[in-house]
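First comes the structure, then the notes that go with it.
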């Protein structure tokens, strides 16, 4: 299904962090980023990164679903060969 997507602005993402009273590290965990330095790339700088629909969907799922529901999605991913594991050093792998 083709979609049209309007990505969140840097202000939208900054407001989300504020509304959640979250740290940059916590926001990075929600969006599966390598750390708060990666989160900041979406919320500032000369040319902030644009958040794609897949990342926005992941973040919304992590914020909305219970841990059990989210784990169920990860198990479903495994049925078609997609496996997610924490990185050994805590940093997102390329």
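The values are calculated or read from the model by the stated rules, or taken from the named source; none is laboratory data. Small disclaimer: the values here were computed from a predicted structure and weren't measured. A quick note on method: Cβ atoms are made from the backbone with ideal geometry, for glycine too, and the neighbour counts reach across all protein chains shown.
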Practice task
Would you check which residues across the range 75-94 are closer than 14 Å to residue 32 by Cβ, surrounded by 10 or more Cβ atoms within 10 Å (Cβ to Cβ) and at pLDDT 95 or above and list them?
Solution key: 77
Exercise for the section: Give the residue that is nearest to residue 86 (Cα to Cα), with candidates limited to residues of the range 57-72 that are surrounded by 13 or more Cβ atoms within 10 Å (Cβ to Cβ) and more than 10 Å from the chain's Cα centre (by Cα). Expected result: 70
Handout entry: Lone unmet requirement of (1) surrounded by 11 or more Cβ atoms within 10 Å (Cβ to Cβ); (2) at pLDDT 90 or above; (3) out of contact with any helix residue (DSSP H, G or I) (no Cβ under 8 Å at 6 or more places or on another chain) for residue 49
Key = (3)
Exercise for the section: Go over the candidates 37, 54 one by one and state the one that is within 12 Å of the chain's Cα centre (by Cα) and surrounded by fewer than 12 Cβ atoms within 10 Å (Cβ to Cβ). Expected result: 54
Handout entry: Condition broken by residue 16, with the remaining ones in (1) surrounded by 14 or more Cβ atoms within 10 Å (Cβ to Cβ); (2) more than 11 Å from the chain's Cα centre (by Cα); (3) modelled with pLDDT under 95 satisfied
Key = (3)
